[in-house]
Amino acid sequence: MSRLDSMMRRLAAQRDGLEWGIGLIGALEGDIVDMGLGNGRTYDHLREIAPDRRIWVIDRVLQCHPSCVPPEQDFLQGEAEDMLIKLADATAGIALAHYDFGFGDKGKDVAEAARLSPLIAKIMVPGGVVVSGQPLVGMEQVRGPESVAPDRYCFYKA
C-alpha cells in the first residue's frame, strides 16, 4: 500500500471513529479532549460534530492552521503527562478522548501511549470513549465502527 493510500485510510478511520464515538457518548456528561493538535484538522472536525461540547486540546506547541486555533482557556500547552494532570484538575471528566500524540517512531509512540494510559483512564467518565491511533493499556478495548479495520485504529470504553 502506498504511503498516500495509507494516510487516506488512517484519516478515514480517524473521522469514522470520532463520529462513531460521538454517537456512542450521546447524552453522557463530560467534555472532549484532543490529544495532539498538529495542524488542527481533527480539532476542527470535532468542533463540527460536537458543537455543544467543550473541547480541550493538548499539545507541546501551537502550530496549527490559523482557522483551527482553540480558545486560549481550552488549550493546554506542554508535555503530555503534565497537561493530563492539569486537565484532571480542570474538568469534571472527559466523555470522548482522541489520542494522537506521536514522535513518528512506532516503538516510541507505543511506549508513550502505554505510559500515558493510566492518566488518560483517570480523566475519563464511566462509559466514556477513547479513539486512539496507538494501543493503550488498562482500558476495555472495543470494536469500533465496521468501516475501520481492527488494526488501523484502537477504540476503548472507560
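Read the figures in this text as sums done on the coordinates, not as results from a lab. All of these numbers come straight from a predicted model, not from anything done at the bench. Cβ coordinates were reconstructed from backbone atoms using ideal geometry, including for glycine residues, and neighbour counts include every protein chain displayed.
Annotation for segment 21-123: chymotrypsin sites (Phe, Trp or Tyr not before Pro) lying in DSSP loop with at most 14 further Cβ atoms inside 10 Å of their Cβ are Phe103. Considering only Ile32, Ala12, Val131, the residue lying farthest towards the positive end of the dipole of the chain is Ala12, judged by Cα position with unit charges set on Cβ.
Listing Met139, Met7, Met35 from fewest to most neighbouring C-beta atoms within 10 Å gives Met7, Met139, Met35. Which of rounded, prolate or oblate describes the chain when judged by the alpha-carbon gyration tensor and an a/c cut-off of 1.5? Because its axes are fairly even, with a/c under 1.5, the chain counts as rounded. Relative contact order of segment 3-157, taken over Cα pairs closer than 8 Å and 6 or more residues apart, is 27 percent.
Here the Gaussian network model covers the chain, with springs between Cα atoms less than 10 Å apart; of Leu84, Leu119, Leu11, Leu11 fluctuates the most. Springs between Cα atoms under 10 Å define the GNM used for the chain, and in it the highest mean-square fluctuation of Gln73, Gln63, Gln134 occurs at Gln73. Beta bridges from DSSP with both residues in segment 3-157: antiparallel share about 25 percent, rounded to the nearest 5. Fewest-first ordering of Glu112, Glu146 by other beta carbons within 10 Å of each residue's beta carbon gives Glu146, Glu112. When Ser6, Ser117, Ser67, Ser132 are arranged by Cβ crowding within 10 Å, least crowded first, meaning fewest neighbours, the order is Ser67, Ser6, Ser117, Ser132. Within segment 120-157, the trypsin sites (Lys or Arg not before Pro) that combine a DSSP coil assignment with at most 13 other C-beta atoms in a 10 angstrom radius are Arg143.
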